[in-house]
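Novice: Just dropping this structure here.
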Amino acid sequence: DTYNGSTFIGTKSVNFTCNVSNSNPTIGGIRFFDSNDKTVAITENNQIIIRNNSNLRYEIDNINAQNSATLKSYSVTVNGMTKSGDLLQVSHIGSVEQTFGIINSSSNVTATVTVTDSRGNKSTYTKKINVVDWVQPSAIINCQRENNFYSTTNLKVDGNISSLNDKNAMTIQYQYKKTTDTDYSALQAIQNNEQTSFDIDNAFAWDIRVIVSDLLGSTTYNLFVDKGIPIVYFDRLLS
């Protein structure tokens, strides 16, 4: 509209395009860390995330909208999972800190942080997160009576645990009970991949329980050892 003083003269309409320049919101810094005291005590470094155990937390610092815009929202995407949040409609926020949660990845992942302002302008930042793999302890177990008959029973456990950068440790325990009983014997520790022997009366069937543990979890194996009475038996006197 054109005026001469307060007198309206006329109207002219034109189409034009505005290109946004230097108006996307900015982020001063992004930090990801493990907030689980138990896993940090193992890795001794809160920048290392243990798969399915660490509690990933993030902090976004110094978030700024540009050229009179205000901040609207942000999102954080890690390993295909996205957490979003609203921002106060102001031009500057000093820090946003939230818990992201558990990460199910066997290797390093890349986090993507996106901030959106009131005009829909966006800025995206990426950051690498160090992840170490962890799975439940496992074992190959051999448990049988000596010569498939005697009360003496041999047990050998070949256990396997995740390394956690050589910070992990394995514990193997076993206990047993007659199949007809309710309570197991006290747990006893054995060494990995070393045979141990114990006596269980060969006139009865027995349940054997083996527990393989590391610093984060355990796996229980339930085994069965049958009676040791053969169909025909000859002793040394050929009775």
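Novice: What dipole magnitude, in Debye to the nearest 20, does region 35-117 give about its Cα centre under +1 on Lys/Arg Cβ and -1 on Asp/Glu Cβ?
Specialist: 240 debye
Novice: Once you compute Rg and the Kirkwood Rh from C-alpha atoms, what is the Rg to Rh ratio for region 16-133?
Specialist: With Rh from the inverse mean 1/r over Cα pairs, Rg/Rh is 1.06.
Novice: Roll a 1.4 Å probe over the protein chains and send me the accessible area per residue for region 122-239 in Å².
Specialist: Per residue, region 122-239 has an accessible area of 62 Å².
Novice: Just flag the GluC sites (Glu not before Pro) in region 44-118 sitting in loop per DSSP whose Cβ has no more than 16 other Cβ atoms within 10 Å.
Specialist: Glu44
Novice: Let me ask something else. Please give every one of the lysines within straight-line cross-link reach of Lys38, meaning a C-alpha to C-alpha distance under 27 Å, and leave out same-chain neighbours fewer than 8 residues apart.
Specialist: Partners within reach: Lys83, Lys127, Lys128, Lys167.
Novice: Report the net charge of residues surrounding Arg145, where surrounding means a beta-carbon distance below 12 angstrom and charges are Lys +1, Arg +1, Asp -1, Glu -1.
Specialist: That sum, taken over residues with Cβ under 12 Å, equals -3.
Novice: About the Cα centre of the chain, how large is the charge dipole given +1 on each Lys and Arg Cβ and -1 on each Asp and Glu Cβ? Please answer in debye to the nearest 20.
Specialist: I would put it at about 860 debye.
Novice: Ok, one more. Using Cα-Cα distances under 8 Å and only pairs 6 or more residues apart, what relative contact order does the chain have, in percent?
Specialist: About 14 percent, as a whole number.
Novice: How charged is the neighbourhood of Ser54? Take every other residue with its Cβ under 11 Å from the Cβ of Ser54, and add Lys/Arg as +1 and Asp/Glu as -1.
Specialist: Neighbourhood net charge equals +1.
Novice: Are there any trypsin sites (Lys or Arg not before Pro) in region 1-85 that are in a DSSP loop and have at most 16 other Cβ atoms within 10 Å? List them by number.
Specialist: Answer in residue order: Lys12.
Novice: Still on this structure: Roughly speaking, to the nearest percent, how much of region 112-217's 1.4 Å accessible area is carbon and sulfur?
Specialist: In region 112-217, the share of accessible area belonging to carbon and sulfur is 40 percent.
Novice: Name the lysines eligible as straight-distance cross-link partners of Lys227: C-alpha to C-alpha under 17 Å, and not fewer than 8 places from it in the same chain.
Specialist: Once the sequence-local lysines are set aside, what remains near Lys227 is Lys177, Lys178.
Novice: Which option, (i) 1.39; (ii) 1.03; (iii) 1.01, is the value of Rg/Rh (Cα atoms, Kirkwood Rh) that was calculated from these coordinates?
Specialist: Only one listed value fits the structure, namely (i).
Novice: With every protein chain kept in the model, how would you rank Leu155, Leu187 by accessible area, 1.4 Å probe, largest at the top?
Specialist: The ordering from most to least exposed comes out as Leu187, Leu155.
Novice: Can you put Ile102, Ile172, Ile140 in order of accessible area, largest first, using a 1.4 Å probe?
Specialist: Order by accessible area, largest first: Ile140, Ile102, Ile172.
Novice: Under 10 Å, Cα contacts only: if you run a Gaussian network model on the chain, which one of Thr43, Thr77, Thr179 comes out with the highest mean-square fluctuation?
Specialist: Most flexible of the set in this elastic network: Thr179.
Novice: While we're on this one: Any idea which of Val96, Asn53, Leu216 is furthest toward the positive side of the dipole for the chain, if Lys and Arg beta-carbons carry +1 and Asp and Glu beta-carbons -1?
Specialist: It is Val96, whose Cα lies furthest towards the positive end.
Novice: Ok, one more. Less than 13 Å Cβ to Cβ from Ser91, Lys/Arg counted +1 and Asp/Glu -1: what total charge do the surrounding residues give?
Specialist: +1
The values are calculated or read from the model by the stated rules, or taken from the named source; none is laboratory data. This one's a predicted model, so the numbers in the text were calculated from it and none came from an experiment. Methodologically, a virtual Cβ is constructed for each residue, glycine included, from the backbone with ideal geometry; neighbour enumeration extends over all protein chains shown. Accessible surface is based on the protein model in full, side chains and every heavy atom, while ligands, DNA and RNA are left aside. Shrake-Rupley method; radii C 1.70, N 1.55, O 1.52, S 1.80 Å.
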